[in-house]
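S.K.: Can you read through this structure? Questions will come right after.
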Amino acid sequence: MDDRTIYIIDRIVLRPGSAPAFIEAYLSAYAPQARERGLTLDRILVSPPAWIDGETNTVTATWTVPGPKSWWAAAVSARHDPEPARWWESMAPMIVERTRSMASHAEDVEGLCDV
């Protein structure tokens, strides 16, 4: 098993008041599908760390996979499964902005380039 962890980072800015419902839906509907694709949920962070009337919250969900082979397998699986796209589309009314990025530990980058 590859020990070079790749992090998949979802950053979602949510409309005021939407964050609690979004997090519940993310954990109950999206997360099980992501786990089936081989991702492991590392953490969910909320910023600011308070529900403030009239203010947005940013939810950052960090997933992990063990190395490039697992990352590619998860990515290909998601591309051939319409459910993730449908789920994100159903959440669109709650979302102001959404990004996904990948990262690794600095010392792992060189090895990850050799695929």
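S.K.: Tell me, which residue of the range 1-44 that is of a type outside the set (Asp, Glu) and exposed (fewer than 12 other Cβ atoms within 10 Å of the Cβ) is farthest from the chain's Cα centre (by Cα)?
M.R.: Met1
S.K.: Could you run through the range 64-87 and say how many residues are within 19 Å of Ile12 (Cα to Cα) and touching a Phe, Trp or Tyr at 6+ places or on another chain (Cβ under 8 Å)?
M.R.: Counting residues in the range 64-87 that are within 19 Å of Ile12 (Cα to Cα) and touching a Phe, Trp or Tyr at 6+ places or on another chain (Cβ under 8 Å) gives 3.
Conditions tested, residue by residue: (1) touching a residue at least 12 places away in the same chain (Cβ under 8 Å); (2) outside any helix (DSSP H, G or I); (3) touching a strand residue (DSSP E or B) at 6+ places or on another chain (Cβ under 9 Å); (4) open to solvent by less than 80 Å² (accessible area, probe 1.4 Å).
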position	(1), (2), (3), (4)
Gly54	yes, yes, no, yes
Ala61	yes, yes, yes, yes
Thr64	yes, yes, yes, yes
Ala73	yes, no, yes, yes
Ala85	no, no, no, yes
Asp108	yes, no, yes, yes
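The values are calculated or read from the model by the stated rules, or taken from the named source; none is laboratory data. Values in this document were obtained by computation on a predicted structure and should not be read as measured data. We place every Cβ from the backbone using ideal geometry, glycine too, and count neighbours over all the protein chains shown. All accessible areas refer to the heavy atoms of the entire protein, side chains included, with ligands and DNA or RNA removed. Shrake-Rupley method; radii C 1.70, N 1.55, O 1.52, S 1.80 Å.
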